[in-house]
Every structure is written in C-alpha cells, then in structure tokens.
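As structure tokens, the structure follows; a few thoughts come after it.
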Amino acid sequence: MTTMQSPTMLNPAVLTPVNPAIEDYMRSLTSRTDHPVLTEMEVVAEKNNFPIVGRLVGVFLETLAKTINAQRIFEFGSGYGYSAYWFAKAVGADGQVICSDGDPFNKEKAERYLGSADLSGRVDFRIGLAQEIFAQTQGSFDICYNDVDKGDYPQVWQMAKDRIRPGGLYIADNVLWHGRVAVENYVDIVPGWTEAILEHNQRIFNDPEFDAFINPTRDGVIVARKRM
Ligand SMILES: C[S@@+](CC[C@H](N)C(=O)[O-])C[C@H]1O[C@@H](n2cnc3c(N)ncnc32)[C@H](O)[C@@H]1O
C-alpha cells in the first residue's frame, strides 16, 4: 500500500522555492556586461562548490543598496568578496563596505578580485569572528548583511538591528534554507541550524521597529527595513 505524504512532510530537497526555469529566465535578464572578474568569481564558486549568493541575488543586493543610497555597509560572512562586489559598486567611490570572514585566505582572494575591479578602496576586509569585528565598529550602518553560519543568525540579528539607521536595511541570505523552514521532518546539515533560522525569521517579523519581506529567489533573502 502506498501512503500519500502531506505537503508539509515532503523531502526538503524537492522544495525549490522558485521554479528553476523561472530563475533561469530571470538570470538571462541579468546577463548584462559586468566586470570580467565577476564571472571569474562565479566560475571559482561553481568549481569549488563555494556558496556565493550568485548573480540574481547580487543584482538584488546592488539594487537595494542603491535604492536607499547606502554609503556604509557591514557584511557578516564575506567569503571571497562576491556579495561585497555588488555592495561596493552600489556605495560609490566615497562609500564603505566593511567585510568580515574567519578565513584569512578569503581576505587574500577578495582583495585580489576586488582590486582588479577597482573596488578595493571602498572595502575594508577584516579577519575574525564577524560578531566580534562588528562589536569593534562604531556608529550606524545603512545596511547590515548577514551570511554567516546559520546557527549564528539570531545573535547577528540581535546585535545588528540596533545599529541600522532609520530607513536602513537588514538583509540575510538562506532564510528558506532549501525548504527546511516549511517542512516538519527536515534533515539538518548541522544540528540546530534550521531551528536558528526559524527563530531568526520569526524575531524579525515580530519586531515592531521593522517591516520585513522574504524574496524567495534562490534560497530566500530576507529584507527588513527599519521604520523612520
Ligand atoms: C556563505 S559564505 C559567504 C558568501 C558571501 N556572502 C558571498 O555571497 O559572496 C559564508 C562565509 O562566512 C564565513 N563565516 C561563517 N560564519 C562566520 C562567523 N561567525 N564569523 C566570520 N566568518 C564566518 C565563512 O568562512 C564563509 O566564508
């Protein structure tokens, strides 16, 4: 006898939020000429299975940053600078993107890539625990962007939210976690990460100081705007 699974019991691997054909179409619209280093970074990610945000989310980040005229951005978890490339373009020559990552080799690579795109003057790349680096900074940010290990998401939200200027944005990647947030019997890659993302998302949507929305592109990007 075959038993029907309820929709909420599906294997999360099948829960691709946006149909891949639709994402392909959207990606085809963003294949404008950009600096060749961008393609190089994408090829490296593909080859080494490194989780960059990719072209669709990159364009989204740049658009958001330009929309609010962002000048100062903090990135929690910068990898080798792919998402920072988009933010650095958006902030302009007088803007600043503070990057953070635990891996010193990522800093080396980021500086090389961003340097060849003439963006390194806008980027201050620091090595260490992102939360500690953030705590050492002063002042407010136009955008705090979170892409660290998922178990750290609630903590990062908690520390970032008070340092975002009114009208500024909190953005985090992977908030749909390949569908695990929507199923009951998910298999966690790292124990506790899905729980942490669920808690993170709930806290943001419950926060009276922010208006939030999840863009389901790729793995889900949450955007929360601090009220004026
Ligand atoms: C998903 S990747 C970042 C990708 C990058 N945002 C992009 O799209 O190009 C996550 C990175 O965060 C770093 N990382 C994870 N947790 C961290 C933490 N708590 N502090 C500092 N770095 C962290 C990892 O070394 C990894 O390079």
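The values are calculated or read from the model by the stated rules, or taken from the named source; none is laboratory data. Owing to the predicted nature of the structure, the values given are computational and were not obtained by experimental measurement. Cβ placement follows ideal geometry from the backbone for every residue including glycine, while neighbour counts extend to all protein chains displayed. Heavy atoms of the whole protein, side chains included, go into the accessibility calculation; ligands, DNA and RNA do not. Shrake-Rupley method; radii C 1.70, N 1.55, O 1.52, S 1.80 Å.
The table that follows gives values for the structure above.
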{"item": "Distant alpha-carbon pairs in the chain (separation over 33 angstrom), percent", "result": "15 percent"}
{"item": "Protein accessible area in the chain, 1.4 Å probe - carbon and sulfur %", "result": "55 percent"}
{"item": "For q = 0.16 Å⁻¹, Debye-computed log10 I/I(0) when each Cα of the stretch 159-228 counts as one equal scatterer", "result": "-0.56"}
{"item": "Nearest-20 debye value, the stretch 114-228 charge dipole, Cβ charges on Lys, Arg, Asp, Glu", "result": "360 debye"}
{"item": "Most to least accessible of Ser28, Ser78 (protein chains only, probe 1.4 Å)", "result": "Ser28, Ser78"}
{"item": "Å² of accessible area per residue within the stretch 52-164, as computed with a 1.4 Å probe and no ligands counted", "result": "37 Å²"}
{"item": "Positive-end extreme of charge dipole, the stretch 12-226 - chosen from Ser31, Asn106, Val148 (charges on Cβ)", "result": "Ser31"}
{"item": "The stretch 42-90 shape via C-alpha gyration tensor axes, a/c threshold 1.5", "result": "prolate"}
{"item": "Anisotropy class of the stretch 129-189 from Cα gyration tensor, a/c 1.5 cut", "result": "prolate"}
